[in-house]
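Since the structure comes first, as structure tokens, the remarks are kept for the end.
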């Protein structure tokens, strides 16, 4: 099962994961990653912009790539767009597989690519106004681990 | 927050994860792994035995080791004991951290150690009776990745 | 993405500015007259936006596909060009 | 784990068999007379169980702690010895 979504409203990663796990009784394990707006740094809000002609198709291609690269039962990529409050979930990635190493690697791979390759633009509001966020060098290095 | 539990009854990994995420608003991300009874191989039931004087203390030591090794906000290790039906969750591991690589590595580390080092014994019932499960060579190799 | 009614009424080339480029442009979208090639686009953009667009880090999407080579741009009225600064998701 | 009332009434050394060893033993627990050292334990166990216990893969816990060296076993009445075959969690 490939479950790729752009979400304009708040969502519950726990509930999404429960559904995903229930949909994969044949999988021994599900690895997941939830990214959320950090609440400790003076960030008052986060805004995520996307570009419809590219963003969802790009995520679907990423999901397909992960399915082709690891023996997965399924993959889930959910990503918020719009305005987010501190503590709100931004992204949920989950991979279901027979063997846990495959699930972990696929989830890790998907996150690295969502961070530095998916068509999202993020800005955060602090006391002094809005600031655009660019990927860190670290994000590009993380993605480079998967080159082959 | 260190949240280590032995669970004698069914639990909801999704709900446990939601609580864990809510408890860590300062963490940028939460990596998790859910292991469940595979429903595709003629397994009718799974039984997990533990040894009280060793099992929970061992899991607590493992949680402490992960907290010492990575800069984590928290770690969660929940493990079922008793009789489980196909599809039921066996284990949930989650690590909350500022940076996602730390969260992924700590969850991966914890699973590798729970698989091959924690004090659990697993047997499964098939049409022809009960069979004890031993860790695969792969599980020991997985754990050996963390030696230092 | 524009398609369909091209020519039925005069429409320009639609420009879409993403991320910080929308701030530079003062708007998320603009429309300019076509046809438009790469030098034409740079000439049509206000200075700071043209400078940003010219850097390697800014990609161009043409009717929903990223151009491998921006200089190959050849837009007509009704087409959509998106200017894509470095992304930051997750 | 046994502790406390040691000596108040005659109790043996408690043996706990985990995993497949419980099947071999036909029970999860047994009690035998103390004191008990490693050769004494092997002698007291039924053949297949003694053979399994003697392998390197089976560990021994003494009053809730894994013994680094099984041959160092020195149990008295009231103590608890657990025989631990290879684990399989997760």
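Answer yes if at least one residue in segment B:84-93 is touching a residue at least 12 places away in the same chain (Cβ under 8 Å), within 17 Å of residue A:35 (Cα to Cα) and within 14 Å of chain D (Cβ to nearest Cβ), and no otherwise.
Checking segment B:84-93: at least one residue is touching a residue at least 12 places away in the same chain (Cβ under 8 Å), within 17 Å of residue A:35 (Cα to Cα) and within 14 Å of chain D (Cβ to nearest Cβ).
Just to be sure, is residue B:66 under 12 Å from residue B:33 (Cα atoms) and touching a helix residue (DSSP H, G or I) at 6+ places or on another chain (Cβ under 6 Å)?
For residue B:66, the condition - under 12 Å from residue B:33 (Cα atoms) and touching a helix residue (DSSP H, G or I) at 6+ places or on another chain (Cβ under 6 Å) - is not met.
Quick check on my filter: what residues within segment C:63-81 are surrounded by fewer than 16 Cβ atoms within 10 Å (Cβ to Cβ) and not in a loop (DSSP other than H, G, I, E, B)?
Hits for segment C:63-81 are C:65, C:66, C:71, C:72, C:74.
Go through segment B:24-43 and report how many residues are surrounded by fewer than 24 Cβ atoms within 10 Å (Cβ to Cβ), facing chain A (nearest Cβ under 7 Å) and either out of contact with any helix residue (DSSP H, G or I) (no Cβ under 8 Å at 6 or more places or on another chain) or closer than 20 Å to residue B:111 by Cα (or both).
Looking only at that region, the number is 5.
State yes or no: is residue A:20 at the interface with chain B (Cβ under 7 Å from one of its Cβ atoms) and buried (at least 21 other Cβ atoms within 10 Å of the Cβ)?
no
So residue B:121 ticks every box in (1) over 21 Å from residue B:48 (Cα atoms); (2) at pLDDT 95 or above but one. Which box is left unticked?
(1)
Select from segment B:115-129 the residues that are in a loop (DSSP other than H, G, I, E, B) and within 14 Å of chain D (Cβ to nearest Cβ) and list them in ascending order.
Those that are in a loop (DSSP other than H, G, I, E, B) and within 14 Å of chain D (Cβ to nearest Cβ): B:117, B:118, B:119.
Which members of segment D:56-83 meet the condition of being under 15 Å from residue D:20 (Cα atoms) and at pLDDT 95 or above?
Matches in segment D:56-83: D:58, D:59, D:60, D:82, D:83.
Return a yes/no flag: does segment A:51-62 have any residue that is at the interface with chain B (Cβ under 10 Å from one of its Cβ atoms) and free of Cβ contacts under 8 Å to residues at least 24 places away in the same chain.
Scanning segment A:51-62 turns up no residue that is at the interface with chain B (Cβ under 10 Å from one of its Cβ atoms) and free of Cβ contacts under 8 Å to residues at least 24 places away in the same chain.
Do we find that residue B:146 is more than 8 Å from every other protein chain (Cβ to nearest Cβ) and either touching a helix residue (DSSP H, G or I) at 6+ places or on another chain (Cβ under 9 Å) or in a strand (DSSP E or B) (or both) in this structure?
yes
Only one of these is on the phi < 0 side of the Ramachandran plot and at pLDDT below 95: B:50, B:78, B:99. Name it.
None of the other options fit; the residue is B:99.
If a residue must be over 25 Å from residue B:48 (Cβ atoms), free of Cβ contacts under 8 Å to residues at least 24 places away in the same chain and part of a helix (DSSP H, G or I), how many such residues does segment D:9-39 contain?
Final tally of qualifying residues: 1.
Against the condition assigned to a strand (DSSP E or B) and away from every other protein chain (no Cβ under 12 Å), how does residue C:51 come out, does it pass?
When the stated conditions are applied, residue C:51 does not pass them.
Of the conditions (1) more than 11 Å from chain C (Cβ to nearest Cβ); (2) more than 19 Å from residue C:59 (Cα to Cα), residue A:137 satisfies every one except a single condition; which number is it?
All conditions pass for residue A:137, except number (2).
Taking residue C:84 and the conditions (1) in contact (Cβ under 8 Å) with a residue 40 or more places away in the chain; (2) within 13 Å of residue C:14 (Cα to Cα), which numbered condition does it fall short on, given that it satisfies the others?
Going through the list (1) in contact (Cβ under 8 Å) with a residue 40 or more places away in the chain; (2) within 13 Å of residue C:14 (Cα to Cα), residue C:84 breaks only (2).
Among strands (runs of 3 or more DSSP E) lying entirely in segment A:1-114, which contain 2 or more residues that are under 25 Å from residue A:141 (Cα atoms) and touching a strand residue (DSSP E or B) at 6+ places or on another chain (Cβ under 9 Å)?
A:29-36, A:45-50, A:72-80, A:89-97
Just checking, does segment A:31-53 include any residue being under 15 Å from the mean Cα position of the chain (by Cα) and over 23 Å from residue A:8 (Cα atoms)?
Checked against the condition, which is being under 15 Å from the mean Cα position of the chain (by Cα) and over 23 Å from residue A:8 (Cα atoms), segment A:31-53 yields at least one hit.
Can you tell which of D:60, D:84 is within 10 Å of another protein chain (Cβ to nearest Cβ) and either surrounded by fewer than 15 Cβ atoms within 10 Å (Cβ to Cβ) or within 10 Å of the chain's Cα centre (by Cα) (or both)?
D:84
The values are calculated or read from the model by the stated rules, or taken from the named source; none is laboratory data. Source: prediction; values computed, not measured. Counting neighbours? That spans all protein chains shown, and the Cβs are built from the backbone with ideal geometry, glycine included.
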